[in-house]
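The values are calculated or read from the model by the stated rules, or taken from the named source; none is laboratory data. On a predicted model such as this, the values are computed, not experimentally measured, just so you know. Ideal geometry is used to build each Cβ from the backbone, glycine not excepted, and the neighbour counts take in all protein chains shown.
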Amino acid sequence: MTKSMNDIAKIFSALGHQSRLLIIKALAEKEHCVCELKEIVGSEMPTISKHLSVLKNANLVESRKQNNQVFYRIAYPCVLGFINCLEEK
């Protein structure tokens, strides 16, 4: 299924915050729960949850529930290649 330009714009918009980029980079390594992402990003739980909501609404991350925790993983690993390309320049 091909993404519309609107969907792609939503993805770029979701990537437009440093904390969300840090989350994407962390999730590219392995899935994480919110508590782990809190430590990685250095923000409080409500802020991390808000960032994850933005990423999830753009379909950049997926989640699964295990007991009382929700684990997140990246839905499009190819996004990391784009981010890495920009970091190298």
Exercise for the section: Inspect region 18-36 for any residue being touching an Asp or Glu at 6+ places or on another chain (Cβ under 9 Å) and basic (Lys, Arg) and give the result as yes or no. Expected result: no
Problem - Meets criteria (surrounded by fewer than 16 Cβ atoms within 10 Å (Cβ to Cβ), charged (D, E, K, R) and free of Cβ contacts under 8 Å to residues at least 12 places away in the same chain) for LYS38 - result: no
Handout entry: Positions within region 1-35 being surrounded by fewer than 13 Cβ atoms within 10 Å (Cβ to Cβ), of a type outside the set (A, V, I, L, M, F, W, C) and closer than 22 Å to ARG64 by Cβ, in sequence order
Key = GLU29, LYS30
Exercise for the section: Need at least 2 residues that are farther than 20 Å from GLU87 by Cβ per element, so show me which helices (runs of 4 or more DSSP H) inside region 1-71 make the cut, counting only ones lying wholly within it. Expected result: 5-14, 34-41, 45-57
Completion exercise
Within region 72-89, residues more than 17 Å from ASN59 (Cα to Cα), among the hydrophobic types (A, V, I, L, M, F, W, C) and outside any helix (DSSP H, G or I) come out as none
Practice task
Pairs only if they're at least six apart or on different chains, beta carbon under 7 angstrom, first in region 61-82 and within 16 Å of ALA14 (Cβ to Cβ), second modelled with pLDDT of 95 or more and of a type in the set (Phe, Trp, Tyr); list them, first residue then second.
Solution key: VAL61/TYR72; SER63/PHE71; SER63/TYR72
Problem - Unique match (being of a type in the set (Gly, Ala, Ser) and touching a residue at least 24 places away in the same chain (Cβ under 8 Å)) among SER53, SER43 - result: SER43
